[in-house]
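*Asks:* My questions will all concern the structure given below.
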Amino acid sequence: MSAVKAGIESWNDVFGYPVVTAELAPIGESYADDHVNYFIIDPNTSRAFAFADWRTNPNNGEIRGASVYFGAGLFAPFPDDAAESALAAPEQKPAIRSLQWHGQSHEPLCAMWGRQYQIGADVAADLPLTGAQKLERYVQYVVAHEIGHTLGLRHNFKGSLLPPSSSVMDYTVASAAIAQPTPGSYDRDALAYLYGSSTALPSQPFCIELESLSDPECTAFDTPTPDPLNDFHIPRYASYKVDLVSGALPPSSAALIVSLYGASVLGFVRSGTSGQAAAAWNAIFDGVRARTTAPAAAADALIAAVFRELYLEPTGLLSRRRRTPRCRPRLPRTPRPC
Ligand SMILES: [Zn+2]
């Protein structure tokens, strides 16, 4: 509970004076009350997600009656020694239930899914902290993220461009969340502008979800770095390409590798700077250009998949608006969450 309280009240540092105070709600209070914000912990440990909700006064934009749902599955323990136990294969996401009225459904504006649903769960191997300390800081990050929504902030998927993060409103890997569970420099500047203490817009990198369809540097759950192409996207794609060329993965998996991991590299071919486009283009074909240096079946399958993804039938970046399957196929090495 101390981590929850710390996450909520971490925003006081941003404002510079006490704005929010977390207290246990007395029996009999209703979270429909407009003048109080509620943080609700669902004891169901199969629910490893959180989301925020609120009502906005249409006359002046004031946020009232905000609430945060926090599933107890987010309290899943971290190991003391990250090397000895990563999380199991990603779980299938459960449905998020909500009230419907006369056919009108309501989707949460943000649903942050826990590490259980992420690819290759990153368990913060390099941090000299106990498992309990990691969990406290991770919970604090999730709580601060959701409270940030109730203060008026949107996602910022470019927080990771300023390591460990310039924004707690990014969806970030666990190690970055643990390294910095508090609001970042972008969050401070955005709230200063939003609440009128500054007329300057934040200068840090910023993008919302929709921009990830066209901006290759607008990525959730990427490794914190100012150069995500060379430090994250290319190495991730290359590791699967090595498995394909070595025969660890069959040629039939080439299309899936390109769709899941090559598409983000090809996004730089489409929309990166000229230098990024060249680097991405070379990285896509490194090791499979010549059929003499790579098994022909694997090289042919990968090159065909690349050109299909780039020019004929995109399945990754730039195509998500058209095709958002609930479950995607899985590679055998690191299963894809649904
Ligand atoms: Zn969010």
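The values are calculated or read from the model by the stated rules, or taken from the named source; none is laboratory data. Bear in mind the structure is a predicted one, so any value in this text is a computation, not a measurement. Neighbour counts are summed over all protein chains in view; Cβ atoms, including those assigned to glycine, are modelled from backbone coordinates with ideal geometry. Only protein heavy atoms, including side chains, enter the accessible area calculation; ligands, DNA and RNA are left aside. Shrake-Rupley method; radii C 1.70, N 1.55, O 1.52, S 1.80 Å.
*Asks:* Filter region 6-23 down to residues that are more than 16 Å from the ligand (Cβ to nearest atom) and β-branched (Val, Ile, Thr) and give me whichever is farthest from residue 153 (Cα to Cα).
*Replies:* Looking at the filtered set, the residue picked out is 21.
*Asks:* Scan region 256-274 residue by residue and report those that are open to solvent by 10 Å² or more (accessible area, probe 1.4 Å) and either closer than 19 Å to residue 212 by Cα or free of Cβ contacts under 8 Å to residues at least 60 places away in the same chain (or both).
*Replies:* 259, 260, 264, 269, 270, 271, 272, 273, 274
*Asks:* Just checking, does region 277-286 include any residue being open to solvent by 50 Å² or more (accessible area, probe 1.4 Å), assigned by TED's automatic domain parsing to the domain that holds residue 308, within 22 Å of residue 228 (Cβ to Cβ) and touching a residue at least 12 places away in the same chain (Cβ under 8 Å)?
*Replies:* Yes, the conditions are met somewhere in region 277-286.
*Asks:* Follow-up question, since we're still on this one. Can you tell me which residue in region 24-73 is farthest from the ligand (Cβ to nearest atom), limited to those that are open to solvent by less than 50 Å² (accessible area, probe 1.4 Å) and charged (D, E, K, R)?
*Replies:* The residue in question is 42.
*Asks:* A further question follows. Give me the pairs, please: first residue somewhere in region 146-159 and more than 14 Å from residue 56 (Cβ to Cβ), second residue anywhere and among the β-branched types (Val, Ile, Thr) and in a helix (DSSP H, G or I), beta-carbon distance under 9 Å, and either six or more positions apart or on two chains.
*Replies:* Hits for this filter: 147/8.
*Asks:* Taking region 8-26 as the region of interest, how many residues are outside any loop (DSSP other than H, G, I, E, B) and touching a Phe, Trp or Tyr at 6+ places or on another chain (Cβ under 8 Å)?
*Replies:* The first filter runs over region 8-26 and keeps only residues outside any loop (DSSP other than H, G, I, E, B), leaving 8-9, 11-15.
Checking the rest, the ones that are also touching a Phe, Trp or Tyr at 6+ places or on another chain (Cβ under 8 Å) come to 8, 15.
Counting residues in region 8-26 that are outside any loop (DSSP other than H, G, I, E, B) and touching a Phe, Trp or Tyr at 6+ places or on another chain (Cβ under 8 Å) gives 2.
*Asks:* For residue 253, state whether it is among the hydroxyl-bearing types (Ser, Thr, Tyr) and surrounded by fewer than 17 Cβ atoms within 10 Å (Cβ to Cβ).
*Replies:* Working: among the hydroxyl-bearing types (Ser, Thr, Tyr): yes; surrounded by fewer than 17 Cβ atoms within 10 Å (Cβ to Cβ): no.
No, not satisfied.
*Asks:* Search region 27-54 for residues that are in a loop (DSSP other than H, G, I, E, B) and pair each with any residue that is within 16 Å of the ligand (Cβ to nearest atom) when their beta-carbon atoms are under 6 Å apart and the residues are at least 6 apart or on different chains.
*Replies:* Within 6 Å, the pairs are 31/67; 37/66; 47/71; 48/71; 48/74; 48/114.
*Asks:* In region 287-296, how many residues are surrounded by 15 or more Cβ atoms within 10 Å (Cβ to Cβ) and of a type in the set (Val, Ile, Thr)?
*Replies:* Result for region 287-296: 1.
*Asks:* Within region 173-196, can one find any residue that is among the small types (Gly, Ala, Ser), assigned to a loop (DSSP other than H, G, I, E, B), surrounded by fewer than 21 Cβ atoms within 10 Å (Cβ to Cβ) and more than 15 Å from the ligand (Cβ to nearest atom)?
*Replies:* So far as region 173-196 goes, yes, one or more of its residues are among the small types (Gly, Ala, Ser), assigned to a loop (DSSP other than H, G, I, E, B), surrounded by fewer than 21 Cβ atoms within 10 Å (Cβ to Cβ) and more than 15 Å from the ligand (Cβ to nearest atom).
*Asks:* Please list, ordered by first then second residue, the pairs with beta carbon atoms under 9 Å, 6 or more apart or interchain, first in region 234-249 and closer than 21 Å to residue 272 by Cβ and open to solvent by less than 20 Å² (accessible area, probe 1.4 Å), second at pLDDT 90 or above and β-branched (Val, Ile, Thr).
*Replies:* Pairs that qualify, where the first residue is closer than 21 Å to residue 272 by Cβ and open to solvent by less than 20 Å² (accessible area, probe 1.4 Å) and the partner is at pLDDT 90 or above and β-branched (Val, Ile, Thr), are 237/257; 237/258; 237/265; 237/284; 240/257; 241/257; 241/284.
*Asks:* So which residues in region 139-152 are open to solvent by less than 10 Å² (accessible area, probe 1.4 Å) and within 12 Å of the ligand (Cβ to nearest atom), if there are any at all?
*Replies:* If the condition is that a residue be open to solvent by less than 10 Å² (accessible area, probe 1.4 Å) and within 12 Å of the ligand (Cβ to nearest atom), then 141, 142, 143, 144, 145, 146, 148 are the ones that fit.
*Asks:* Residue under question is residue 168, and the condition is that it be under 20 Å from residue 70 (Cβ atoms), open to solvent by less than 10 Å² (accessible area, probe 1.4 Å) and more than 14 Å from the chain's Cα centre (by Cα); does it hold?
*Replies:* No; evaluated as a whole, the condition is false for this residue.
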